[in-house]
């Protein structure tokens, strides 16, 4: 939590640092890193119940499109909330149909959901289809740093929710479900309700991050907003950083997005291969993630 | 009337390849207990093997079929040995993440190596069609259908009549008892996973002629195969064929009768998944 506080403070004063010509690039990268870390934190929230969501890219995209479409009508902040709400409604319907079933059904359904959302946005008229759509900057562009601070706020919110959940009674219910659903049920945990609530919370945060993302890129296309790459980032970041923690996705996000920015410049399309390999290696050799590995090493050093 | 018949035939012909891919996936899920998100990537491997054999050697896809089956079997066995086996005892979340990672890695590796272009294997008979009673269908889809049916027949024979097939089914039913009876469980897993990959690889060869080979082709088929095995019940091999027919027919009818249906075909599999899951979820409440 101290680390999160320091990072947040750093994020707040970053625009004031004398970085010269690097400033615009630093702010850009930082903003992406914040939003993707927020997305990763939201994914981790659901993973705590043992559910694998491959649809967080879709919730991100849903939030982005909803916010972009409603912003001219109702203003920036309400439109972001609308984006979160639409993502939450989508997750509710998906969860209702799948969360009673075995975990693998859920994973399959979320993967299918994200593919179908892309098809829908491609085919629907009001989204601009495959051409994409232009998005207005936040607050009509009155504050040049508005988007940046929105991203900081979203990340702060995600960190806060993730931290509060891990400190609450709710987290015990989540852990119980993850470790053994039948046992959790016997212990009196309302399994489906807890999973559904975690899913709602998680997708709403993902939608929120997506909304700010759209206002940052100023342009949305189905291939970008609903790309599978987003869903991959959303899950590789927490796994690499450390699952079921708040610091893990935060540290992982900042590291991996920096790496990704560099990789995109070097190899362009296909950079996701690194994420795939990283995912495999993390599952095989680093099951507790970077944070877990570091803390165990530190613990081992003292012993 | 003629349109309906033609649509039915198109659906039926497509169902053969679908059933082949989905049977492979059902084998991985049912026997090894692994939800293999990389299943379509084995199909993609098969398609590229077929393409490169054709481009370099002018090898007919029919011969490439055998080469690809063996190559992809080996690829599947290596993936099992190196990646799947270590996580067999791990939580399900880790297993799914691992295969998902494999899928992403293979897909993007192919993208880096071969680029995003689609490549078609075009033997001389590719465009020829058979006309029958006023209906026409391509030689390639027809041959693929017949081959798929034959292979599925072979698979059922293997599982139902041979000692090794019995062993595979025993391992699928119980993880511990077959070991006590002297069946080498690990070897059976290896064979089942390799076979699962090989079935996808064979389908890939067929698709390299019917459609094309590209890095992303596998992913669509992973999803369709999932739709089919979700409808059939995860790991239920027997339900795969009827489920494949339902999905293929639904897609054929959507593409014929829904205005602007071409793009919406890509959404049919989701409807199938969603409906069967909702049904299942309310029935087992």
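None of the figures in this text is laboratory data; all of them are computed from the coordinates on show. Fair warning: this is a prediction, and the values are worked out from it, not measured in the lab. Ideal geometry is used to build each Cβ from the backbone, glycine not excepted, and the neighbour counts take in all protein chains shown.
Kindly provide the helix-only [θ] at 222 nm of chain A, computed as the sum of -39,500 (n - 2.57) over DSSP H runs of four or more divided by all residues, to the nearest 500 deg cm²/dmol?
Value at 222 nm, helices only: -25500 deg cm²/dmol.
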Using all Cα-Cα distances in the range A:127-235, what percent lands in each 10 angstrom bin from 0 up to the longest?
13, 32, 29, 17, 9, 1
Report the Cα-based extents of the range B:1-81 along its three principal axes, largest first, to the nearest Å.
52, 38, 16
Take the eigenvalues of the Cα gyration tensor for the range B:134-285, scale each by 5, and report the square roots as semi-axes in whole Å, largest first.
32, 21, 14
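Rounded, prolate or oblate: which fits the range B:158-247 when a ≥ b ≥ c are the square roots of the eigenvalues of the alpha-carbon gyration tensor, with rounded for a/c under 1.5 and prolate only if a/b beats b/c? Write out the running numbers ahead of the final one.
Working: a/c = 2.55, a/b = 1.81, b/c = 1.40.
The shape class here is prolate.
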Give the separation of the Cα centroids, the range A:1-49 to the range B:190-243, in Å.
41
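Reported to two decimal places, what Rg/Rh ratio describes chain A when computed on Cα atoms with Rh from the Kirkwood expression?
0.96
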If contacts are Cα pairs under 8 angstrom and at least 6 residues apart, what is the relative contact order of the range A:32-226 in percent?
46
Give or take rounding to whole Å, what are the principal axis extents of the alpha carbon atoms in chain B, in descending order?
59, 51, 38
Debye log10 I(q)/I(0) at q = 0.06, 0.07 Å⁻¹ for the protein assembly as shown, Cα point scatterers
-0.32, -0.43
Taking the Cα atoms of the range B:57-185, what is the range of coordinates along each of the three principal axes, in descending order and whole Å?
57, 42, 29
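Averaging sequence separations of C-alpha pairs under 8 Å and six or more residues apart, then dividing by the length of chain B, give the relative contact order as a whole percent. Before the final figure, lay out the partial values.
On the way: 428 pairs, mean separation 111.4, N = 285.
Relative contact order, chain B: 39 percent.
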Tell me, B:41, A:233, B:2 in order of fewest to most beta-carbon neighbours within 10 Å?
B:2, A:233, B:41
Between helix B:163-173 and chain B, what is the angle of the helix's C-alpha long axis to the longest principal axis, kept within 0 to 90° and rounded to the nearest 10?
80
Any idea how far the Cα center of the range B:96-172 sits from the one of the range A:60-78, in Å?
43
Considering only A:234, A:26, A:85, give the residue with the highest GNM mean-square fluctuation for chain A, with springs between Cα atoms whenever their separation is below 10 Å.
A:26
When Rg is the radius of gyration of the Cα atoms in the range A:200-272 and Rh is its Kirkwood radius, what does Rg/Rh come to?
0.97
Using a Gaussian network model of chain A whose springs link C-alpha atoms within less than 10 Å, name the residue from A:90, A:253, A:211 with the highest mean-square fluctuation.
A:90
Send over the per residue convex hull volume for the range A:43-123, Cα only, as a whole number of Å³.
86
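What ranking, highest mean first, results for peptides A:112-118, A:193-199 when packing means the other Cβ atoms within 10 Å averaged over each residue? Walk me through the numbers before you get to the answer.
Working: A:112-118: 23.7, A:193-199: 20.4.
Per-residue mean Cβ counts within 10 Å order the peptides as A:112-118, A:193-199.
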Counting only helical runs of four or more DSSP H residues, what would the 222 nm mean residue ellipticity of chain B come to if each run contributes -39,500 (n - 2.57) and the total is spread over all its residues?
-25000 deg cm²/dmol
Specify the angular offset, from 0 to 90 degrees and rounded to the nearest 10, of the alpha carbon long axis of helix B:217-232 from the longest principal axis of the alpha carbons in chain B.
70
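Compute and list, largest first, the equivalent-ellipsoid semi-axes of the range A:250-303 from the alpha carbon gyration tensor, each √(5λ) rounded to a whole angstrom.
Working from the Cα gyration tensor, I get semi-axes of 27, 13, 7 Å.
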Write down the Å³ per residue value for the convex hull defined by the alpha carbon atoms of the range A:157-303.
152
How many nm separate the modelled label positions at residue A:26 and residue A:167, each set 7 Å beyond the Cα in the direction of the Cβ?
3.1
